[in-house]
Amino acid sequence: MLKKFKCVEGCSDCCINREYFPSKEFGKIGVLLLPKEKKMIEQLAETMNVNVKILPRIGVGTSSNDSSPKSILLYQLMGIDRDGNTCPFLGTDGQELSPHGGAPCTIYDQRPAACKAYPLVSIDPTISTLDSKCSYCVSTKDNMVCNLGLSNEIKALSEIMISTCVDERTQLWRYATNVGDPSDGKMLPEGWIKVQAT
Ligand code: SF4
Ligand code: SF4
């Protein structure tokens with residue numbers, strides 16, 4: 001029988017650890033932001049006096065001859081540590097904790113859809129597939145759970161999927177962030193890389 005997902009007590013890993021994606025050369029990615037969320041995050045940061053760095057993530061265009069995208073499909077909120085880790089909105093002073101005992105999100109009610117969706121990565125009518133890097137999956141050695149209690153995650157992931165739907169003629173660019181630990185080796189310079197030829 002499928003288990004029900006529950007955050008690991010005291011865990012904040014998904015607000016701290018950032019990964020190299022799609023490979024180390026592209027640098028570490030940040031928290032995915034939909035275009036409409038970029039402005040909201042910038043305003044929150046200004047109000048709360050928090051420094052944020054937001055980079056483009058995915059660009060789109062129609063011509064394979066273009067050297068850069070015509071518009072930006074997705075942005076990303078970069079981590080504050082030198083190696084790209086740690087969300088700028090993570091409360092790290094230890095005075096308050098999240099309901100499961102981890103460090104709290106200081107913009108919880110207004111957090112991006114990507115944070116609301118995590119750790120969900122795909123939706124099925126009854127089974128949810130989770131990101132295998134989530135500490136729950138690491139501890140249970142399983143990334144399949146039942147959908148019970150995941151309605152908010154399902155709604156947020158659906159919103160992201162609808163917002164990022166493009167047809168097969170769309171030309172895609174990925175933004176290399178040049179963010180990561182110098183000891184991890186060579187990275188691409190910051191900028192757009194065409195990732196899909198039409
Ligand atoms: S979603 Fe996963 S990684 Fe994030 S706090 Fe919960 S258990 Fe930890
Ligand atoms: S916005 Fe909040 S939930 Fe999202 S990564 Fe940052 S601290 Fe975590």
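Odds and ends about this structure:
- Ranking TYR136, SER67, ALA103 by Cα position along the charge dipole of segment 1-137, where only Lys, Arg, Asp and Glu carry charges on their C-beta atoms, puts SER67 farthest toward the positive end.
- Here the residues ASP167, ASP131, ranked from fewest to most Cβ neighbours within 10 Å of their Cβ, fall in the order ASP167, ASP131.
- Estimated vicinal HN-Hα couplings, Hz - segment 180-191 in sequence order (Karplus 6.51, -1.76, 1.60; Gly, Pro = x): x, 7, x, 6, 7, x, 5, 10, 5, x, 4, x
- Relative contact order computed over segment 54-198 (Cα-Cα under 8 Å; 6+ residues apart), in percent: 26 percent
- Simple point charges give the picture: +1 on the Cβ of Lys and Arg, -1 on the Cβ of Asp and Glu, and for segment 45-192 a dipole about the Cα centre of about 240 debye.
- Segment 1-78: radius of gyration over Cα atoms, expressed as a fraction of 2.2 N^0.38 Å: 1.44
- Fluctuation leader among LYS155, LYS141, LYS53 - the chain, Gaussian network, Cα springs under 10 angstrom: LYS141
- C-alpha center-to-center spacing [segment 11-40, segment 45-100] in angstrom: 6 Å
- Taking other C-beta atoms within 10 Å as the exposure proxy, MET40, MET78, MET1, MET187 rank MET1, MET40, MET187, MET78 from fewest upward.
- Between LYS36 and GLN95, full extension at 0.36 nm per residue minus the direct alpha carbon distance yields a gain of 18.1 nm.
- Residues SER132, SER151, SER98, ranked from the fewest to the most other C-beta atoms within 10 Å, line up as SER151, SER132, SER98.
- Simple rule: put +1 on each Lys or Arg Cβ and -1 on each Asp or Glu Cβ in segment 1-47, find the dipole, and look at CYS7, ALA45, ASN17; the Cα lying farthest toward the positive end is CYS7.
- In the chain, helical runs assigned H by DSSP with n ≥ 4 each contribute -39500 (n - 2.57); averaged across all residues and rounded to the nearest 500, the mean residue ellipticity at 222 nm is -6000 deg cm²/dmol.
- Nonlocal amide H pairs with LEU74, under 5 Å, H built at 1.01 Å: ARG57, ILE58
- Counted charge near MET187, where neighbours are those whose Cβ lies closer than 11 Å (Asp, Glu -1; Lys, Arg +1): -1
- Reach of LYS24 by Cα under 15 Å, taken over aspartates and glutamates that are not fewer than 8 positions away in the same chain: ASP83, ASP181, ASP184, GLU190
- Over 25 Å between alpha carbons, listed pairs LYS155/LYS194; LYS28/LYS116; LYS70/LYS186; LYS38/LYS186; LYS3/LYS38; LYS141/LYS186: LYS155/LYS194; LYS70/LYS186; LYS38/LYS186; LYS3/LYS38; LYS141/LYS186
- Sequence-ordered 3J(HN,Hα) estimates for segment 136-142 from the Karplus curve with 6.51, -1.76 and 1.60 and θ = phi - 60° stand at 4, 5, 4, 6, 8, 6, 8 Hz, glycine and proline given as x.
- Distance histogram in 10 Å bins (all Cα pairs of segment 13-196, percent per bin): 9, 31, 38, 19, 2, 0
Each reported figure results from applying straightforward, stated rules to the coordinates on display, with no laboratory input. Please read these numbers as outputs of a predicted model, since none were measured by experiment. Here Cβ is always computed from backbone atoms with ideal geometry, including for glycine, and neighbour counts include all displayed protein chains.
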